[in-house]
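Student: Encoded as structure tokens, here's the structure I'll be asking about.
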Ligand SMILES: Cc1cc2nc3c(=O)[nH]c(=O)nc-3n(C[C@H](O)[C@H](O)[C@H](O)COP(=O)(O)OP(=O)(O)OC[C@H]3O[C@@H](n4cnc5c(N)ncnc54)[C@H](O)[C@@H]3O)c2cc1C
Ligand SMILES: [Zn+2]
């Protein structure tokens, strides 16, 4: 156990330890996730976003300002999430 | 929703022609966990050379049954829908993933009035909601406005007519040709029609709009114009223009 300057404690582990908690985040219903747009700062339920689907993947646009929130591209057996247009995503667990 | 990314193998139980361009498929999916009213699934076809195509389809059935109902409209130059509407036969297998989505859903615990607005095959998730409303004896006022090209292009006509009651009203818009003696000339959904046939904004209904993307966007604009609040208008765009 280590101690931060504010007195809180943490354990230093590696990425293996977050398999469980991350699966909790990523297996949640993403249509109900709230995403914050980087350019305009508005938060939207993902189900209300505008999506452009094509054979290679999809582009998700902010419903308020139409900037790209994130993209997903599949090449071969690799699926890539590019999150440049968003600052955070939250789900109810 | 854990496990939603798992592909399950379903077997087509029946495939009945329902409209000039669409079929109703019953698919038995062992392991299907049941679904809420309004949810959809992803359907995957794999060609002999391994090429795969995935499309989303709403689920017309609702509840715990492992046999689910789909209604698919054919897009003549489409990749997946012509196969589902013309070729697939009882006994054939399809892969599905779901149920998906927690937003475009109606739950029987919702007490508020509900306005459903369907364009073409966009009636499918709204059918599941109408069935759930009927089956649970919900007293929430429901009204369905169903826009179709012609009367023959409508899905579930008889079952919907059977739902009509004090708490379920059904209204039609015909865009190409109307039945004999129909009071309105055929045409796209207009502001006046929507105003006359939809639960007014003052009653604060939750509105579910579903169909081709162009239809959904046009209907949503009219709804906002009529004073419905954006947060109470839920949309599901099927694609296209
Ligand atoms: C959440 C969701 C639920 C859906 N539920 C249903 C359903 O219950 N029943 C149903 O019939 N369809 C439904 N769809 C549409 C379905 O997923 C497919 O888009 C449709 O079957 C066409 O696929 P395709 O492979 O035949 O055509 P594609 O090969 O994908 O497209 C062929 C051509 O049609 C255009 N196009 C694509 N989709 C549409 C569309 N929906 N309307 C008009 N033009 C289009 C394309 O731009 C292209 O030019 C749903 C879509 C979504 C996103
Ligand atoms: Zn934005």
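Student: Pick from B:32, B:172, B:182: which is most flexible by mean-square fluctuation in a GNM of chain B where alpha carbon atoms under 10 Å apart are linked?
Tutor: Answer for the Gaussian network model of chain B: B:182.
Student: Averaged across B:89-102, how many Cβ atoms of other chains sit within 10 Å of each residue's Cβ atom?
Tutor: Averaged over the peptide's residues, the number is 1.
Student: Multiply the residue separation of residue B:203 and residue B:139 by 0.36 nm, subtract the distance between their alpha-carbon atoms, and state the gained length in nm to one decimal. Let's see the in-between values first.
Tutor: Numbers: separation 64, 0.36 × 64 = 23.04 nm, distance 1.51 nm.
Contour length minus Cα-Cα distance gives 21.5 nm.
Student: Could you tell me the relative contact order of segment B:114-238? Use alpha-carbon pairs under 8 Å, at least six residues apart, and round to a whole percent.
Tutor: Relative contact order here is 29 percent.
Student: Can you tell me the relative contact order of chain B? Whole percent, Cα pairs under 8 Å, sequence separation 6 or more. Present the calculation step by step, with values, prior to reporting the outcome.
Tutor: On the way: 522 pairs, mean separation 43.8, N = 241.
Rounded, it is 18 percent for chain B.
Student: At a threshold of 8 angstrom on Cα-Cα distance, excluding pairs fewer than six apart, so keeping six or more, what relative contact order does chain A reach in percent?
Tutor: 24 percent
Student: If you don't mind, another one. Please compute the modelled spin-label separation between residue B:7 and residue A:24, points set 7 Å along Cα→Cβ, answer in nm with one decimal.
Tutor: Each label point is offset 7 Å from its Cα along the Cβ direction, giving 3.1 nm.
Student: Moving on. Over what distance in Å are the Cα centres of segment B:161-189 and segment A:3-26 separated?
Tutor: Each part's Cα centre sits 58 Å from the other's.
Student: Taking square-rooted eigenvalues a ≥ b ≥ c of the alpha carbon gyration tensor, is segment B:55-209 rounded, prolate or oblate, where a/c under 1.5 means rounded and, failing that, a/b exceeding b/c means prolate?
Tutor: Cα axes put segment B:55-209 in the oblate bin.
Student: Sort out for me the Cα centre separation of segment B:61-89 from segment A:75-90, rounded to whole Å.
Tutor: With segment B:61-89 and segment A:75-90 each reduced to a Cα centre, they are spaced 30 Å.
Student: Return the FRET efficiency for the residue pair residue A:79, residue B:16: r is the Cβ-Cβ distance, R0 is 35 Å, and the value is rounded to the nearest 0.05.
Tutor: Plugging the Cβ-Cβ distance into 1/(1 + (r/R0)^6) gives 0.45.
Student: Mean-square fluctuation check for chain B, GNM, Cα pairs under 10 Å: which of B:52, B:204, B:93 is largest?
Tutor: Judging by the Gaussian network model, the answer is B:52.
Student: On full extension of the chain, what length is gained from residue B:112 through residue B:166, given 0.36 nm per residue of separation minus the C-alpha to C-alpha distance?
Tutor: In short, 17.9 nm is gained.
Student: Per residue of chain A, what 222 nm ellipticity follows from adding -39500 (n - 2.57) for every DSSP H run with n ≥ 4, rounded to the nearest 500?
Tutor: -2500 deg cm²/dmol
Student: Under a crude label model (7 Å from the Cα following the beta-carbon direction), how far is residue B:66 from residue B:196 in nanometres?
Tutor: About 5.0 nm, to one decimal.
Student: With a point put 7 Å past each Cα toward its Cβ, work out how far residue A:10 is from residue B:229 in nm, to one decimal.
Tutor: 4.0 nm
Student: May I pose another question? Rounded to the nearest 500, what is the 222 nm mean residue ellipticity of chain B from helices alone, with -39500 (n - 2.57) per DSSP H run of 4+ residues and division by all residues?
Tutor: -5000 deg cm²/dmol
Every read-out reported here was derived from the displayed coordinates using simple, explicitly stated rules and does not represent laboratory data. Note that this is a predicted model, so its numbers are computed, not measured. Neighbour counts are summed over all protein chains in view; Cβ atoms, including those assigned to glycine, are modelled from backbone coordinates with ideal geometry.
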